[in-house]
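Bear in mind these aren't lab numbers, they're just calculated from the coordinates by the rules spelled out. Owing to the predicted nature of the structure, the values given are computational and were not obtained by experimental measurement. Using ideal geometry, Cβ is built from the backbone for each residue, glycine included, and neighbour counts are taken over all protein chains shown.
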């Protein structure tokens, strides 16, 4: 027993010494900006969120189950607020904080702010009883009209009775994409019943951003619907599809979702992907793996997944051993979470073209005002 205690004491002492030496080495390293950082004010962040509890956002709600979950307070903390402050100052407080971060950012000029539709019942209308979060298009479109820092990311469940009319309305309101989270919206992208919706997306030249891989941010989800291979149908129809998060996490058919996505990227010229959330601690290593595949990098775009950019979920030092120490120190010193996320990714080797690609992929005739460089035009 004494020998065991001595061994444990020695191991603890060595661990403390290692931590001290690491801290000293970090402190002595001169911070160095990654060489692959994008030009200033050149980035369209294509994946950002806001929240609404019905205080100033007509129709917004969060389900009772999710409010009762530990995740709810976690998300409000990520937004830098709480339910009491939102009740006092209104739902827009979360969006305005993102607006201010964009104004202060070195690299980000605009962000696509995403609406979130709900579950649709057999009658073709919103089923509030099983919808976990609802952020309507009108609210996000209004924010984008008021604040040039935002582009409008619509969300339309294709099982709505008036789904095609809602698509037309979204385009008229300036939408640059449509966002789905199939696992919580109860959407099967492989359903033949959605062919008319896909045809209208093609006619409108409107991209479809789809969460693929497991969805763990909500109270419950059907992760079978996050299988990347279910995207084959809209791709075959000619839809420009963006597979969110490079399909990280989870598996289907006995194979990792990331591995299931890889051959599809090379096979379909209209399939793109994005690296939002890949600096989070639960996804360590996925971004370096993605960067090893040139065909994937050529289709990769930048998104922050704001507001999920705070410690301990995202921390520059989680990437020790994967990126140069001096570049990680540079990233860690940045106060703006949008800039810090970009700097961490640049330190990991993300090339400048990835940070600026979204503006071109989301471009549509007449929608130049949604893209970086258009502010003040």
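Mind ordering 299-308, 162-171 by average Cβ neighbours within 10 Å, highest first?
299-308, 162-171
With everything on Cα atoms, drop me the angle between helix 163-172 and the longest principal axis of the chain, reported from 0 to 90° to the nearest 10.
Taking Cα atoms only, the helix is inclined about 70 degrees.
Output the relative contact order of the chain, whole-number percent, from Cα pairs under 8 angstrom with separation of 6+ residues.
About 20 percent, as a whole number.
So what's the angle, to the nearest 10 degrees on a 0 to 90 scale, between helix 137-146 and the longest Cα principal axis of the chain?
70
Grab the Cα-Cα distance for residue 172 and residue 266, subtract it from 0.36 nm times how many residues apart they are, and report the gain in nm with one decimal.
30.6 nm
For the chain, what is the calculated [θ] at 222 nm in deg cm²/dmol (nearest 500), taking -39500 (n - 2.57) for each run of four or more DSSP H residues and dividing by its residue count?
-11000 deg cm²/dmol
Of 284, 334, how do they rank once you tally other Cβ atoms within 10 Å and put the fewest first?
Arranged by neighbour count, lowest to highest, 284, 334 become 284, 334.
If I take R0 = 30 Å and measure r between the Cβ atoms of residue 89 and residue 162 in this structure, what FRET efficiency does the formula 1/(1 + (r/R0)^6) give, to the nearest 0.05?
0.35
With each label point set 7 Å from Cα along the Cα-Cβ vector, what nm distance links residue 310 and residue 292?
For residue 310 paired with residue 292, the spin-label model returns 3.5 nm.
Would you calculate the separation in nanometres between label points at residue 128 and residue 363, each defined as 7 Å from the Cα along the Cα-to-beta-carbon direction?
According to this spin-label approximation, the distance is 4.4 nm.
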